[in-house]
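Down below is the structure, laid out as structure tokens.
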Amino acid sequence: MTRILDGKALAARLRARLADEIAALRARTGIVPGLRVLLVGEHPASLVYVRTKERAAREVGIDGRVERLPVELPEASLLERVSALNADPTVHGILVQLPLPPHIDPARVLTAIDPAKDVDGFHPLNAGRLAQLSSPPPADLLVPCTPRGCLLLLEEALGGLEALRGKRALVLGRSTVVGRPMAALLLAHDCTVTIAHSRTRELAHECRRAEILVAAAGRPELVRGDWLAPDAVVIDVGINRVPTAEGGSRLVGDVAFDEALGRVAAITPVPGGVGPMTVACLLENTLRACRARLAVEGRG
Ligand code: NAD
């Protein structure tokens, strides 16, 4: 029997806990965590993502606001805006929605964000701290939201993070957004980690060895059922739109879900698996950044 890991339900529980904690923080200190999401241009998927983040933030009591900036905004002006938000004491989290227009260097912008407000966890300082961990992340470290969401799904599947110790984990994908930070997190939780990517040979063989598989390649149903070890726990990060026979389209993951059912111990569905956890973990990071700030000010 394969357990289907319900990311929607787990994310709802996390958001409810965060709402309680934010209400308690506000009652005790009068502080409302503040999140600013900067969107440059009109990228249609990005527009949906930033609205989702803003709504989710408000629902848990975070002062979440999207700032929409024109597509032709010069890089220097975006850097100035980031700098102003860095200095604003009512803002605890800053997120610059990617992708940026081609005339803006994302690395320069992400590096300009105050690492203490870097709720996406993409600043090189935060990425570097994560890469150096050999034990679970400290409370003040802002970890990228999608890998953090995957870790919480693994915790749910395994009944605790201690169960990760010594497990063979395969991370499919080496992006800085998902694959690399995911591998670092699993390593910090004592997994034996392999990272596979587009140049990996014998991918099916690598997959079959994995007790934990996190698939983030962005290739529809790349991983077939017979590539999976019986009793593996599978976290499918991929979001791929594919055409249907009826002329419409549907979302599928990087793993052939129907083939995996009945074979593996647990798997996340697409949609309804990792996606909702990513948004919930952004809210968690915003509260984490706010608490760290209060601790620095001696008001924690
Ligand atoms: P990316 O394109 O930056 O990276 C993909 C990685 O997969 C690369 O490292 C590449 O080497 C590897 N890869 C590609 N084809 C491969 C193949 N055939 N065999 C082995 N490896 C292969 O993508 P990303 O930003 O890391 O995102 C990956 C997927 O996760 C996408 O489908 C994306 O939409 C999805 N995603 C979902 C969430 C969420 O919240 N659910 C968040 C971020 C990304």
Which listed residue, of L151, L133, is outside any loop (DSSP other than H, G, I, E, B) and either closer than 25 Å to R209 by Cα or free of Cβ contacts under 8 Å to residues at least 40 places away in the same chain (or both) = L151
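Quick grid of which residues meet (1) within 20 Å of the chain's Cα centre (by Cα); (2) over 30 Å from H92 (Cα atoms); (3) assigned to a loop (DSSP other than H, G, I, E, B):
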residue	(1), (2), (3)
L213	yes, yes, no
P230	no, yes, yes
V234	yes, yes, no
G238	yes, no, yes
V242	no, yes, no
V270	yes, yes, yes
L294	no, no, no
note = If we ask which residues in the range 135-182 are under 18 Å from T268 (Cα atoms), more than 11 Å from the chain's Cα centre (by Cα), within 16 Å of the ligand (Cβ to nearest atom) and small (G, A, S), their number turns out to be 2
request  = Answer yes or no: is there a residue in the range 109-131 that is at positive phi and either over 16 Å from the mean Cα position of the chain (by Cα) or of a type outside the set (S, T, N, Q) (or both).
outcome  = yes
query = Would it be correct to say that R201 is within 11 Å of the ligand (Cβ to nearest atom) and either over 25 Å from A280 (Cβ atoms) or surrounded by fewer than 18 Cβ atoms within 10 Å (Cβ to Cβ) (or both)?
reply = yes
query = List pairs: first in the range 176-201 and modelled with pLDDT under 95, second polar (S, T, N, Q), Cβ under 8 Å, 6+ apart or cross-chain?
reply = none
remark   = Residue pairs qualifying under the 6 Å Cβ cut-off, at least six apart or on distinct chains, with the first in the range 87-105 being under 23 Å from A280 (Cβ atoms) and the second being in a loop (DSSP other than H, G, I, E, B), are H92/P33; G93/V119; I94/I113; L95/V119; L95/D120
ask   = What helices (runs of 4 or more DSSP H), lying completely within the range 34-123, carry at least 3 residues that are surrounded by fewer than 21 Cβ atoms within 10 Å (Cβ to Cβ) and of a type in the set (K, R)?
value = 44-59
request  = Evaluate the range 44-58: report whether one residue or more is of a type in the set (S, T, N, Q), farther than 24 Å from E156 by Cβ and under 18 Å from the mean Cα position of the chain (by Cα).
outcome  = yes
inquiry  = Could you list, ordered by first residue, the pairs with Cβ atoms under 8 Å in which the first is in the range 234-249 and within 29 Å of T176 (Cα to Cα) and the second is of a type in the set (S, T, N, Q), at least 6 apart or interchain?
reply    = V234/T268; I235/T268; D236/T268; V237/T146; R241/S249; V242/S249; P243/S249
ask   = List, please: which pairs have Cβ atoms under 8 Å, are six or more places apart or on different chains, and start with a residue in the range 207-221 that is among the β-branched types (V, I, T) and end with one that is more than 8 Å from the ligand (Cβ to nearest atom) and in a loop (DSSP other than H, G, I, E, B)?
value = I212/K167; I212/C191; I212/A232
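The values are calculated or read from the model by the stated rules, or taken from the named source; none is laboratory data. Just so it is clear, the structure is predicted and the values come from calculations on it, not from any experiment. Using ideal geometry, Cβ is built from the backbone for each residue, glycine included, and neighbour counts are taken over all protein chains shown.
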